[in-house]
Amino acid sequence: MGQRTPLYDAHLAAGARLVDFGGWDMPVHYGSQVEEHHSVRRAAGAFDVSHMCVVDLTGDGVRPFLGRLLANDVGRLTRPGKALYSCMLREDGGVIDDLIVYFIQPGFFRLVVNAGTADKDLAWIRSQAAGHAVEVTARRDLGIVAVQGPDARAVCTPLLPAGCPAADLAPFSATACGDWFVARTGYTGEDGFEVILPVGALPGFWSALLAAGVRPCGLGARDTLRLEAGMNLYGSDMDETVTPLESGLAWTVAFSDGRDFIGRAALEAQLAAGSVRRLVGLLLEDRGVLRSHQRVVTAAGEGEVTSGTFSPTLSRSIGLARLPAAAGDRVEVDIRGRLLPARIVKPPFVRHGRALPGILETTEESKP
């Protein structure tokens, strides 16, 4: 038996199929993963993401400490509530985790880290904080509900504490509403909120969302949604064996400010060596489904699918793959011993519920 979020009983009552995810018993779906996916693209869905860990960093040294800890530049966070996506790296450039950091007020930042990496993240952060004026606090007294979709903010806002200014939030910003914390962020490619709140308030908020017509959604829909949105999954598309430069995350690495962040020297050496592998989007041009670890054959050598699925929005199989730097636009994927044609595309695949221009273009030669 794994760890359980405060919504475990609510998931059982709703008929959820539970699976182990990072040591937690989590709902993979409540009946139809595809219908949950479409609900988020077309209206609103709610996800229990309380397995993720909120980490509060406080103290006079927290800003310079984060400047050393993270590859992205927290110096960009000058307004309270502003958020930043970043990787936390080892000295060799490998990705320990990807996370969101929020600037709350001077001397107070908040991180949200992944469930499966929470223990090692905390150990790493605390080891690096030694000697700094920083206090590290894991907030297991808080849970998280993500409300996502084009109708999500409109449905969710009336259910927040009275006077909460969340309706005026800009994207990738957050606000405190008493002991609730509401962020306009998400992992689906749709608009919405991620609401961090005391665990005792979770069941009531969840019930209110469902009563308002928001559909409960599981990890299955969360994965197809994030992949359509071109978002990486830790443990699949990046981990400690690869760097952000090989993971489509070079945009999250801030070299220009001159900080000596952990892993910088290794990344600079990788760039100097040249021919860095790249993470690309794949659209399968034959029948079949892309899955992790499938072999990809290119004119420049072989690569591997890191994430793959059947896209409910596109009705096509899509994926992410790590390939040689010189791979061309068209490749072949080994699916059950057959080399099937696929086309390299630039993620995201879907935005605002529709395919991005050019994603579904197919030549006569490559039609199934």
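Here, each number is a calculation from the coordinates, and none is a lab measurement. Nothing here was measured: the structure is a model prediction, and the numbers come from that model. Every residue, glycine as well, gets a Cβ built from its backbone with ideal geometry; the counts of neighbours run over all protein chains shown.
Here the residues 112, 195, 276, ranked from fewest to most Cβ neighbours within 10 Å of their Cβ, fall in the order 276, 112, 195.
Averaging 1/r across all pairs of distinct Cα atoms in the stretch 109-188 and inverting the result yields a Kirkwood radius of 14.9 Å. The Cα atoms of the chain define a convex hull whose projected area, averaged across directions, is 18.6 nm². Taking every C-alpha pair closer than 8 Å and separated by at least 6 residues, the mean separation divided by the residue count of the chain gives a relative contact order of 18 percent.
Translational diffusion coefficient of the stretch 44-85 (Stokes-Einstein, Kirkwood radius from Cα pairs, 37 °C, 0.692 mPa s): 260 µm²/s. Kirkwood's formula applied to the C-alpha pairs of the stretch 254-322 gives a hydrodynamic radius of 14.3 angstrom. Taken over the C-alpha atoms, the stretch 277-366 has Rg and Dmax values of 12.0, 36 angstrom. Annotation: the residues 117, 241, 309, 58, sorted from fewest to most other C-beta atoms within 10 Å of their own C-beta, follow the order 241, 58, 309, 117.
Classified by the C-alpha gyration tensor, the stretch 54-138 has a rounded form. Its axis ratio a/c, with a ≥ b ≥ c, is below 1.5.
Using only alpha carbons, the stretch 213-368 has a radius of gyration to Kirkwood radius ratio (Rg to Rh) of 1.00. Computed over the Cα atoms of the stretch 6-121, pair by distinct pair, the Kirkwood hydrodynamic radius stands at 16.4 angstrom.
Each of 135, 228 was scored by other Cβ atoms within 10 Å of its Cβ. Arranged with the fewest first, they read 135, 228.
In the stretch 1-80, Cα pairs under 8 Å separated by at least six residues give a relative contact order of 21 percent.
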